[in-house]
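Written out below as structure tokens is the structure these notes cover.
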Amino acid sequence: MALSGLDIYKLLPGGVKPPHPKANCKECGFPTCLAFAMKLAAKQAELSQCKYVSDEAKAKLSAAAAPPIRLITLSADGRKVEVGNEVVLFRHEKTFYHPAALLVRVPDTLSAGEIATLAKAVTDYKVDYVGMALHLDGLAVEAVSGDASKFAAAVAAARGACNLPLVLVTEDPAIMAAGLPKATGGAPLLCAATASNWEAMAKLAKDAKAPLVVRGATLGELAELTEKLAAAGVEDLVLDPTARSFNGSLVALTEIRRLALKKAFRQLGYPVITFPYLGASDPAMEELLAGQQVAKYAGFVVLSGFDPATVYPLLVLRANLFTDPQKPIQVEPGVFPINKPNADSPVLVTTNFSITYFAVANEMESSGLPAWLLVADAEGMSVLTAWAAGKFDAEKIAKTVKNTGIAEKISHRKVVIPGHVAVLMGELEEELPGWQIKVGPREAVDLPRYLKTAW
Ligand code: SF4
């Protein structure tokens, strides 16, 4: 059972009698032991942040320190997917830690050649998004045929064609037993144990040291099954609440997350797997439902097939949700040459917020026009936000011009500032005597036209 902040405090250096000499030392990053205890109770801090907790207290605190949603790891040769271990309902409360894994369904009715082609396409698909490499996470091989040998052959074909983590999908323990040995190189996720097969599935999962999906029509049924499976020694579990519709899925996944985080209801403290194509009438609806589930609160999302047009927006949505909101995505400040600039090429100033940088860089690259992109350190904020916060002012821009050595690369003395900060022009002229300050467009998309007409 979860401990309250006060219970935890009584075990910390400041709360024990007599207090530890290091009580309230602030080394954990909090002003007092009590403040740290409150954060621990809210799952917003790690016990390891305090070096002075006694072993006895550590043992007692382990339940409070344990993540409310179990971390599940799927691995294959060279690839690993981790989901779970989340501690908040809303991203802005802290951050989401482990992105929902996106997997592609592989029915065992496909030929070995078709499976190899699909596996290669999934493996090779990569998106470069504001400096991050986005990719899919695995394959879910499903026993559609009802034939154990066909399933085994499909698993072998998938494994032979790629090193992606696998999910094996069948409720028939005999078919699962046939496919399991073919999933070499790492334990797959077995899907699924139900009220009628859980003992046989538990044995397979235990023998293979593999995580197991638990499938139930209600949260009560799921909780009952996870309790039985944990008692049988299978602790790495994933929930399939079988609520497939938009509304049903949202309600079930939200209730599971709330019960795990707010009520410390251990029986539902596991990641969730979803199959959006089972609740959607066409590919567009599947995409929307998958997006909803990535946002709230799936751990694994199995897509019906591989289509870059479907996968791209999901990967980008996921990347935006699972980055730390307290750490803006940044690029290194400095000078970036675009399209082989020379001494006559324009100098464009922007901030080091990744999305701002890539918006400008992409527009310029696709225009074919050469330029020097001068990126100021604005603590990862966009132009207007940084200006409003005093992180992108005339002094900062002048410092960037002076420190980056851009003057040695060019023959002119002109610099273009973003239109949103036109107000800085006068001040910047004072900071950079001898330089001509030009005001560019507000939007990156207008840069090529501006450079052709106004540079
Ligand atoms: S590190 Fe934090 S919790 Fe530990 S003794 Fe110091 S103030 Fe207290």
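Structure above, values below:
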quantity: Cα-based shape type of region 229-337, given that a ≥ b ≥ c are square roots of the gyration tensor eigenvalues and the cut on a/c is 1.5; calculated: oblate
quantity: Farthest positive-ward along region 292-451 dipole, Cα basis, beta-carbon charges - from S354, F392, F322; calculated: F322
quantity: With eigenvalues of the C-alpha gyration tensor scaled by 5 and rooted, region 329-426, Å; calculated: 20, 16, 12
quantity: Close Lys-Lys pairs in region 127-228, where close means Cα under 23 Å and separation is 8 or more or interchain; calculated: 8
quantity: Within region 51-144: Cβ-based charge dipole about Cα centre, in debye rounded to nearest 20 (Lys, Arg +1; Asp, Glu -1); calculated: 360
quantity: Inter-part distance where region 158-203 and region 207-245 are each reduced to a Cα centre, Å; calculated: 14
quantity: Volume per residue of the C-alpha convex hull in region 1-144, rounded to whole Å³; calculated: 170
quantity: Cβ charges +1 (Lys, Arg) and -1 (Asp, Glu), total dipole of region 378-455, debye; calculated: 340
quantity: Residue pairs, from the table K80/K120; K26/K327; K43/K296; K39/K296, whose Cα atoms sit over 21 Å apart; calculated: K26/K327; K39/K296
quantity: Selection from V311, V423, N342, by position along the positive dipole direction of region 298-455 (Cβ); calculated: N342
quantity: Largest-first principal axis extents, alpha carbons of region 204-270, Å; calculated: 37, 24, 16
quantity: Unit charges on C-beta of K, R, D, E only; dipole of the chain, Debye; calculated: 1040
quantity: Protection proxy ranking of 364-371, 170-177 - average other beta-carbon atoms within 10 Å, highest first; calculated: 170-177, 364-371
quantity: Residue (of A192, S48, N403) at the positive-pole extreme of the chain, dipole from beta-carbon charges; calculated: S48
quantity: The chain: radius of gyration and largest Cα-Cα distance (Dmax), Å; calculated: 27.1, 81
quantity: Listed peptides 71-79, 355-363 by packing density, highest first (mean Cβ within 10 Å); calculated: 355-363, 71-79
quantity: Highest-first arrangement of 421-430, 32-41, where packing means the average Cβ count within 10 Å; calculated: 32-41, 421-430
quantity: Spatial separation of Cα centroids for region 371-397 and region 413-443, in angstrom; calculated: 12
quantity: Pair-distance profile P(r), taking every C-alpha pair of region 383-455, with 5 angstrom steps and integer %; calculated: 3, 16, 25, 25, 22, 9, 1
quantity: Within straight-line cross-link reach of K452, lysines at Cα separation under 27 Å, skipping those fewer than 8 residues along the same chain; calculated: K340, K402, K409, K414, K438
quantity: Between region 59-131 and region 301-352, the alpha-carbon center distance in angstrom; calculated: 21
quantity: Cα gyration tensor category, rounded, prolate or oblate, for region 279-345 with a/c compared to 1.5; calculated: oblate
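Any read-out appearing in this document is the output of simple, stated calculations on the displayed coordinates, not a laboratory observation. If you're wondering where the values come from, they're calculated on a predicted model, not measured in any experiment. Ideal geometry is used to build each Cβ from the backbone, glycine not excepted, and the neighbour counts take in all protein chains shown.
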